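> Have a look at the structure that comes next, please.
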Amino acid sequence: MNIDKAYELAKERYAAFGIDTDAAIAKALEIPISLHCWQADDVAGFETKPKGLDGGGIMATGNYPGRARNGDEARSDIEKAMSLIPGAQRVNVHASYAETDHYVDRDEMDPSCFQQWMGWAKEKGVCLDFNPTFFAHPKAEDGFTLSHRDDDIRAFWVRHGKATRRI
């Protein structure tokens, strides 16, 4: 049985319950799905990191063959994925995907750190979602951020959250 035949059988069964599967699918395709930028590079991120930064609370390796090595490659890969995925789409950008020519700590980020993402989104007519990145940072090495017992570290992560709200 091929997929078309399987769908026709399922369609008949759902119709017996008064469900129009074609209408349900059409409605579902109107709901925007947010593709996460990290799917292009296995959560490595593009922010300029201080010397020696590694790990920081995430197990993804960022070393699969062919992963995006920079924002342009990630955006190109995302465009390809979006061309193959039906329905309305958005793109989610993590704070760790900042693109700067110098180190900007997460509590100091501002919209300028994401100009390439915003320019691309505007050019392509893509809506962006954005969120903080509470991992892969020296202040996340022990797995605690907003609940850290050290007041200074906890305050850093609160500032990061506030910075991302401004972005």
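No lab work stands behind these numbers, since they all come straight from the coordinates. Everything quoted here is computed from the prediction, not taken from an experiment. Ideal geometry is used to build each Cβ from the backbone, glycine not excepted, and the neighbour counts take in all protein chains shown.
> Using Cα atoms only, what is the angle between the long axis of helix 71-84 and the major principal axis of the chain, expressed in degrees (0 to 90) to the nearest 10?
Computed tilt is about 10 degrees.
> On to the next question. Using θ = phi - 60° and the Karplus form 6.51 cos²θ - 1.76 cosθ + 1.60, what ³J(HN,Hα) does each residue of region 109-125 get, whole Hz, x for Gly and Pro?
So the Karplus estimates, Gly and Pro as x, are 5, 9, x, 4, 5, 10, 4, 5, 5, 5, x, 4, 4, 5, 4, 8, x Hz.
> Run the helix sum for the chain: -39,500 (n - 2.57) per DSSP H stretch of 4+ residues, divided by residue count, reported at 222 nm to the nearest 500 deg cm²/dmol.
Values: 5 runs with 61 residues, N = 167.
So the calculated ellipticity at 222 nm is -11500 deg cm²/dmol.
> Against the longest principal axis of the chain, how steep is helix 3-15, in degrees 0 to 90 to the nearest 10, with axes from Cα atoms?
80 degrees
> Here's something else I'd like to know. For Cα pairs less than 8 Å apart in space and 6+ apart in sequence, what is the mean separation divided by the residue count of region 32-166, i.e. the relative contact order in percent? Working shown, then result.
Numbers: 198 pairs, mean separation 42.5, N = 135.
Computed over region 32-166, the figure is 31 percent.
> As a test of the definition: which semi-axes, in Å, follow for the chain when you take the square root of five times each eigenvalue of its alpha carbon gyration tensor? Largest first, please. Intermediate results must be reported in sequence, preceding the final value.
Details: eigenvalues 288, 69, 54 Å².
Three semi-axes, in Å: 38, 19, 16.
> Under a 10 Å cutoff between Cα atoms, tell me which one of Ala44, Ala28, Ala68 has the largest fluctuation in the Gaussian network model of the chain.
Answer for the Gaussian network model of the chain: Ala28.
> Additional query: Let me see the pair-distance distribution of region 1-53: every alpha carbon pair, 10 Å bin width, integer percents in order.
18, 25, 19, 18, 11, 9, 1
> Next question. Starting from the amide H of Leu35, placed 1.01 Å from N in the peptide plane, find each other amide H under 5 Å away whose residue is 5 or more places distant or on another chain.
Arg90, Val91, Asn92
> For Asp42 and Lys124, what does the FRET efficiency come to when R0 = 30 Å and r is the distance between their Cβ atoms, rounded to the nearest 0.05? It would help to have the intermediate numbers written out before the result.
Working: r = 23 Å, r/R0 = 0.77.
E(calc), rounded to 0.05, equals 0.85.
> Quick check: pseudo-label points 7 Å beyond the Cα along Cα→Cβ at Asp150 and Ala15, how many nm apart are they?
According to this spin-label approximation, the distance is 6.5 nm.
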